[in-house]
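Below is one structure; the comments refer to it alone.
The values are calculated or read from the model by the stated rules, or taken from the named source; none is laboratory data. In this text, all values refer to a predicted model and were calculated from it rather than measured experimentally. Note that we place each Cβ from the backbone using ideal geometry, even for glycine, and neighbour counts take in every protein chain shown. Please note that ligands, DNA and RNA were not included when accessible areas were found on the heavy atoms of the full protein model with its side chains. Shrake-Rupley method; radii C 1.70, N 1.55, O 1.52, S 1.80 Å.
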Amino acid sequence: HRNEGFGGPNVQWHSCDVSNGEQQAELLRQIVDWRPSKIFYFIGGGPYGEFQTKSWKDHQWAFNVSFLFPTQLLHQCMQTNQMEQMVFVGSAVAESSSDPRASSYCAAKHALRGLVQSVQAEIRQSPGKNDFDLRLYSPGYMDTQMLPKNALPRREGMHILDPHHVAQDLREWLAESEKNSCRIYL
């Protein structure tokens with residue numbers, strides 16, 4: 001546990017390698033005990049390069065981290081009915097179009113968007129479930145160390161977002177009362 005001045009004394013940070021099945025199981029067990037009111041899942045990734053040249057284990061890692069574990073986390077939290085809000089980070093680029101050399105990441109983000117939008121529709125149709133706020137925040141390419149030097153947006157001189165502006169936009173959007181929504185920030 002650590003609190004480094006983000007969000008005040010009621011914020012807890014926990015480290016977990018969400019690609020590791022044992023650590024996933026432990027985190028899911030701990031969430032039941034912690035009973036957090038909000039979870040923000042800002043995790044994703046995948047191998048960069050031509051699909052067939054990458055190891056299958058790297059593709060599995062991308063699917064697990066970017067889609068399968070978030071799905072399991074959402075499922076558990078909705079079953080235990082202990083959550084007020086869950087926010088996933090998608091990708092404005094990868095979840096709605098092709099992203100050459102990032103195929104498994106793209107596939108996982110497509111799946112995450114489909115899951116979130118489908119569950120949001122279920123929430124709207126279920127009396128008594130409308131208190132749960134499920135959101136998907138999807139920024140465009142960000143200028144971070146995680147964006148490879150030879151990635152398409154850098155090679156093509158495309159618009160790349162400043163992470164500080166993205167964080168400010170996310171903070172403002174979360175302050176809005178727009179429950180069960182998706183936001184694309186380009």
inquiry  = Yes or no: the stretch 99-108 includes at least one residue that is within 28 Å of VAL166 (Cα to Cα), at pLDDT 90 or above and aliphatic (A, V, I, L, M).
reply    = yes
query = In the list LEU134, LEU186, which residue meets the criterion of being among the aliphatic types (A, V, I, L, M) and exposed (fewer than 11 other Cβ atoms within 10 Å of the Cβ)?
reply = LEU186
query = Can you tell me which residues in the stretch 137-163 are aliphatic (A, V, I, L, M), open to solvent by 20 Å² or more (accessible area, probe 1.4 Å) and touching a Lys or Arg at 6+ places or on another chain (Cβ under 9 Å)?
reply = LEU147, LEU152, ILE160
message = What pairs come out if I take residues in the stretch 159-180 that are under 20 Å from ARG124 (Cα atoms) and pair them with residues that are assigned to a helix (DSSP H, G or I) whose C-beta lies under 7 Å away, six or more apart or interchain?
response = ASN180/GLN120; ASN180/ILE123; ASN180/ARG124
query = Any idea how many residues of the stretch 1-50 are within 19 Å of the chain's Cα centre (by Cα), more than 24 Å from ASN180 (Cα to Cα), at pLDDT 85 or above and of a type in the set (S, T, N, Q)?
reply = 4
note = With the first residue restricted to the stretch 18-30 and required to be in a helix (DSSP H, G or I), and the second required to be of a type in the set (Gly, Ala, Ser), Cβ contacts under 9 Å at 6 or more apart or on different chains are GLN23/SER15
request  = Sort out which residues of the stretch 44-84 are free of Cβ contacts under 8 Å to residues at least 60 places away in the same chain, open to solvent by less than 60 Å² (accessible area, probe 1.4 Å) and more than 14 Å from ILE31 (Cα to Cα), and write them in order of number.
outcome  = PRO47, GLY49, SER55, ASP58, HIS59, ALA62, PHE63, ASN64, VAL65, SER66, PHE67, THR71
